[in-house]
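First up is the structure itself, then whatever we jot down about it.
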Protein chains: 2
Amino acid sequence: MSLQSLTTDELSTFKAEQEAAYAALGSAGLSLDITRGKPSPEQLDLSSALLTMPGDDFRSAAGVDTRNYGGLHGLPELREIFAELLGVPVDQLLAADNASLSLMHDTLAFALLHGTPESPTPWAGQDIAFLCPSPGYDRHFALAEHLGFRLIPVDLHEDGPDVAQVRQHAADPAVKGIWIVPTYANPTGAVVSESVAAELAAIETGAPDFRIYWDNAYAVHHLTAERVKTPDILGLASAAGHPNRPLVFASTSKITFAGSGVSFLGGSPENVAWYLGHLGFRTIGPDKVNQLRHARFFGDADGVLAHMERHRAILEPKFAIVERVLSDRLGPHGVASWTQPKGGYFVSLDVTEGTANRVVQLAKDIGLALTPAGSSFPYQTDPRDQNIRVAPTLPSLTDLEAAMEALATCVLLAAAEKAQTP
Amino acid sequence: MSLQSLTTDELSTFKAEQEAAYAALGSAGLSLDITRGKPSPEQLDLSSALLTMPGDDFRSAAGVDTRNYGGLHGLPELREIFAELLGVPVDQLLAADNASLSLMHDTLAFALLHGTPESPTPWAGQDIAFLCPSPGYDRHFALAEHLGFRLIPVDLHEDGPDVAQVRQHAADPAVKGIWIVPTYANPTGAVVSESVAAELAAIETGAPDFRIYWDNAYAVHHLTAERVKTPDILGLASAAGHPNRPLVFASTSKITFAGSGVSFLGGSPENVAWYLGHLGFRTIGPDKVNQLRHARFFGDADGVLAHMERHRAILEPKFAIVERVLSDRLGPHGVASWTQPKGGYFVSLDVTEGTANRVVQLAKDIGLALTPAGSSFPYQTDPRDQNIRVAPTLPSLTDLEAAMEALATCVLLAAAEKAQTP
């Protein structure tokens with residue numbers, strides 16, 4: 001029965017029930033954590049073969065000794081595999097070290113220190129703003145804020161950022177870019193449609209070097225039998241006359257080992273040359289032995305997809321638990337809505353407006369760690385104080401179910417408190 | 001017999017002999033390369049055990065799953081080993097990815113974008129200069145130049161940079177730092193003495209955030225039985241009231257695998273906190289699996305030293321060849337001088353003034369690749385056109401001997417040409 005339709009007495013009774021349930025949880029001495037999108041140990045075990053690779057054969061397909069210096073582009077055979085998966089021409093895809101976040105940082109740092117191909121004047125010292133489809137990835141927003149950019153929220157729909165809002169803001173030359181996780185976005189699971197991607201590629205922007213930071217972190221991280229396809233943003237942008245607009249990022253962090261994977265950067269030939277031109281002063285090359293490990297482990301693009309099916313087998317039951325508990329416990333009361341992602345690492349839960357912070361505090365007090373409310377918004381501020389990001393991948397099934405039950409109680413209690421407030 | 005003491009006729013004869021020898025080399029179809037300080041395959045083989053590590057036991061000493069995210073400081077057990085070797089307190093030493101050059105780049109980028117602890121104003125947009133003890137490491141100078149810094153050469157003596165020159169230049173607030181390879185410098189093998197280090201630590205500088213980029217790349221890379229000790233620059237600077245002045249860099253690039261090693265950054269507690277404060281926006285952590293591999297492979301600091309003895313066994317005969325050929329072929333003619341380093345990767349050869357470029361060109365024309373003349377100087381310009389960096393580590397003994405013989409012929413021919421020029 002929806003909370004809104006309860007009488008004052010019924011609401012008091014309901015609230016008392018939640019308080020009792022909450023008190024019981026408090027006595028249970030929980031210690032649960034659904035804060036970060038980390039792979040579980042079982043998922044990491046899927047890549048155990050990497051731990052003894054490459055073995056004695058340390059030469060690349062082309063005969064290069066991967067143990068020595070060199071090879072700024074990264075290992076060709078690994079780039080070929082991910083070129084196919086990411087839909088980026090292999091000449092335009094670089095393989096790097098263990099973190100795509102570092103590639104995002106460094107491309108922005110290079111733009112700040114040296115300028116971009118279209119703006120030889122460095123960005124540093126200018127007023128710069130980035131568009132932040134929200135809710136979105138907290139580390140994107142934090143990085144841009146740390147670099148001194150203004151963060152401008154735009155709405156994120158199921159098919160991508162609100163194009164009208166993007167168009168309006170991007171007319172301002174100070175707006176230099178937009179963060180986008182095109183496939184299975186963190187945290188809503190949104191997937192950018194072909195038409196939205198085409199519009200973003202074609203929009204007239206005030207800045208000649210407006211950039212789409214296309215962070216395809218979950219390109220192959222399917223949770224259903226459907227393998228949702230990411231739009232070819234590089235092709236679309238090139239066709240629209242803006243070849244340098246997109247920078248494509250990806251990594252194996254949630255494919256193999258989260259701390260010891262390989263990251264990828266794709267872009268137009270001009271952007272790739274620009275990036276390498278600066279990178280060459282920063283390093284002599286990436287860890288090619290680790291790239292060789294990965295190339296051998298996967299074999300080919302189909303090998304990656306088969307590997308992701310094994311991840312899915314572990315993750316699908318976890319997301320099913322989230323859906324079941326939220327549906328069973330919250331569904332009847334009309335106090336929340338949540339996403340049913342087809343891939344990725346998160347469920348985005350919207351609780352009763354004005355109660356997200358309260359829910360997180362209630363949870364914390366009984367030993368359930370949640371991502372701080374507002375984390376998915378620019379400046380960590382959710383204007384409606386309603387969004388909570390649920391990360392179900394790391395805990396065991398048992399712990400996850402306990403966490404979700406506890407979370408549901410906190411959501412209901414906070415909603416009841418709110419409903420009683422005049 | 002010294003070239004200077006020859007009669008005109010004797011000089012003509014001598015030159016004709018060199019021309020004949022050079023012509024013979026030209027017919028031999030050489031393909032030799034002594035350009036870069038790369039480890040040889042035999043050296044890389046010393047670390048073959050890494051290629052199947054860490055195996056099933058992927059947990060750190062503290063029980064951390066190294067495969068997952070986290071651990072910005074790097075793996076404690078590896079930091080402990082190198083803290084001992086580098087003389088840096090372990091709390092003040094970070095373990096990072098595969099390239100110390102990247103750490104140098106990033107600390108400079110952070111200073112440019114955010115400022116340092118003593119200069120909250122970002123460096124970007126300011127007139128900045130760096131002192132470049134010369135001859136020195138080409139990539140240091142290239143990085144500083146790429147970042148827009150002015151490069152100011154200072155003399156490098158056998159015991160380190162010329163302190164009087166450093167003192168004079170550092171009085172200028174635009175001078176923000178100095179590059180130093182304290183032990184077995186690239187390319188001269190110079191070792192900074194205790195007293196020079198103490199003076200550098202204590203100098204009054206115009207910039208409150210003057211930095212010593214103390215690149216201890218060859219800390220344990222001994223070529224003789226003597227293990228030359230690097231001065232404790234952090235301790236000296238702290239005692240002199242400038243704890244934030246030095247930033248210490250090192251890596252295992254020339255200990256294990258040149259492309260797949262681990263780098264280190266040491267500094268004052270304030271500098272370390274400053275660096276981590278920015279790094280946390282760039283990455284979630286380094287490749288801990290690779291760090292675990294290295295910690296297990298070495299065992300302890302003595303393990304590193306024993307490993308370096310095995311490198312020495314491979315390298316000592318190579319440096320002996322360089323010394324023997326230069327001594328035999330050039331010694332009698334008074335046309336060149338060269339270093340006899342106690343460690344590191346290079347021999348610095350000073351040929352007849354005004355002929356280094358000619359020597360490199362002569363060598364190239366007969367199939368011997370040398371580092372471009374001037375590489376070891378700011379703006380790639382050797383004011384005396386006399387320095388050539390010899391990198392003997394990569395070639396086989398046979399190739400190295402052939403390369404040195406060819407080089408000697410080119411040096412003698414260029415000297416004879418020069419002596420004939422009015």
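The values are calculated or read from the model by the stated rules, or taken from the named source; none is laboratory data. No experiment lies behind these values; they were computed from the predicted model shown. Don't worry about glycine lacking a Cβ; one is built from the backbone with ideal geometry, like all the others, and counts go over all protein chains shown. Remember, those area values only see protein heavy atoms, side chains included, never the ligands or the DNA or RNA. Shrake-Rupley method; radii C 1.70, N 1.55, O 1.52, S 1.80 Å.
About the centre of its Cα atoms, region B:59-299 shows a dipole size close to 800 debye [charges on the beta carbon of Lys, Arg (+1) and Asp, Glu (-1) only; nearest 20 debye]. Here B:K418 is the anchor, and the aspartates and glutamates within straight C-alpha reach of less than 17 Å, apart from those fewer than 8 places off in the same chain, are B:D9, B:E10, B:E17, B:E19, B:D350, B:E353, B:D385. A 1.4 Å probe, protein heavy atoms only, puts the accessible area of A:H169 near 50 Å².
Looking at chain B, send over the antiparallel percent of its DSSP beta bridges, to the nearest 5. Walk me through the intermediate numbers first.
On the way: 18 of 37 bridges.
Antiparallel bridges make up about 50 percent of those DSSP assigns within chain B.
Highest GNM mean-square fluctuation among A:G285, A:G29, A:G189, for chain A modelled with Cα contacts below 10 Å: A:G29.
Between helix A:100-114 and chain A there is an angle of about 60 degrees, using the helix long axis and the longest principal axis of the Cα atoms.
Please report, in debye to the nearest 20, how large the charge dipole of the protein assembly as shown is about its Cα centre when each Lys and Arg carries +1 at its beta carbon and each Asp and Glu carries -1 there.
Details: 60 positive and 98 negative charges, 36 e Å.
So the magnitude is around 180 debye.
Across the alpha-carbon atoms of region B:59-299, the computed radius of gyration and Dmax are 17.2, 52 angstrom. Summary value for region B:59-299: 27 percent relative contact order, contacts being C-alpha pairs under 8 angstrom separated by 6+ residues.
Compared with the rule-of-thumb size 2.2 N^0.38 Å for a compact globular protein, region A:351-422 has a Cα radius of gyration ratio of 1.10. Between the residues B:S12, B:L413, B:H294, the greatest Cα displacement towards the positive end of the dipole of chain B, with unit charges on the Cβ of Lys, Arg, Asp and Glu, is found for B:H294.
For A:Q4, the distances from its label point to the matching points in the remaining copies are 9.9 nm, ordered from shortest, with each point set 7 Å beyond Cα toward Cβ. Selection among A:L72, A:P187, A:P269 by position relative to the dipole of region A:59-299 gives A:L72 as farthest towards the positive end (Cβ unit charges, Cα centre).
Computed from the mean reciprocal separation of all distinct C-alpha pairs, what Kirkwood hydrodynamic radius does region B:39-163 have, in Å? Before the final figure, lay out each step's value.
Details: mean 1/r = 0.0549 Å⁻¹.
Across region B:39-163, the inverse of the average 1/r is 18.2 Å.
Computed over chain B, relative contact order equals 26 percent, with contacts defined as Cα pairs under 8 Å that lie 6+ residues apart.
When B:K229 is represented by a point 7 angstrom out along its Cα-to-C-beta vector, the spacings to that point in the other copies are 6.8 nm, nearest first.
Inter-label distance, B:E316 to B:S337: 2.8 nm, where each label sits 7 Å from its Cα along the C-beta direction.
When the Gaussian network model of chain B links Cα atoms closer than 10 Å, the mean-square fluctuations of B:D162, B:D365, B:D350 top out at B:D365. Across q = 0.07 Å⁻¹, the protein assembly as shown modelled as identical point scatterers on its alpha-carbon atoms has Debye log10 I(q)/I(0) values of -0.60, in the order of the q list. Mean-square fluctuations from a GNM of chain B, with a 10 angstrom spring cutoff on Cα atoms, peak among B:L315, B:L30, B:L247 at B:L30.
Quick one: work out the % antiparallel among DSSP beta bridges in the protein assembly as shown, nearest 5.
On the way: 36 of 74 bridges.
Counting DSSP beta bridges with both partners in the protein assembly as shown, the antiparallel share is about 50 percent.
Size descriptors for region B:234-361, from the alpha-carbon set: Rg then Dmax equal 20.8, 60 Å. Projecting 7 Å from Cα along the Cα-to-Cβ direction, the label point of B:T381 sits 5.3 nm from its equivalents in the other copies, listed shortest first.
Charging the Cβ of each Asp and Glu at -1 and of each Lys and Arg at +1, and nothing else, the dipole of chain B about its Cα centre rounds to 620 debye. Size descriptors for chain B, from the alpha-carbon set: Rg then Dmax equal 22.8, 78 Å. Distance from the C-alpha centroid of region B:1-37 to that of region A:221-276: 55 Å, rounded to the whole angstrom.
Ordering B:R296, B:R211 by accessible surface, largest first, gives B:R296, B:R211; the 1.4 Å probe counts only protein heavy atoms, with every chain in place. Computed from the Cβ-Cβ distance with R0 of 60 Å, the FRET efficiency linking A:K229 to B:A301 stands at 0.70. Quick check: the angle from helix A:288-298's long axis to the longest principal axis of chain A, C-alpha only, nearest 10 degrees? Around 60 degrees separate the two axes.
Only helical runs count toward this figure. For chain B, summing -39,500 (n - 2.57) over DSSP H runs of n ≥ 4 and dividing by all residues gives -12500 deg cm²/dmol at 222 nm.
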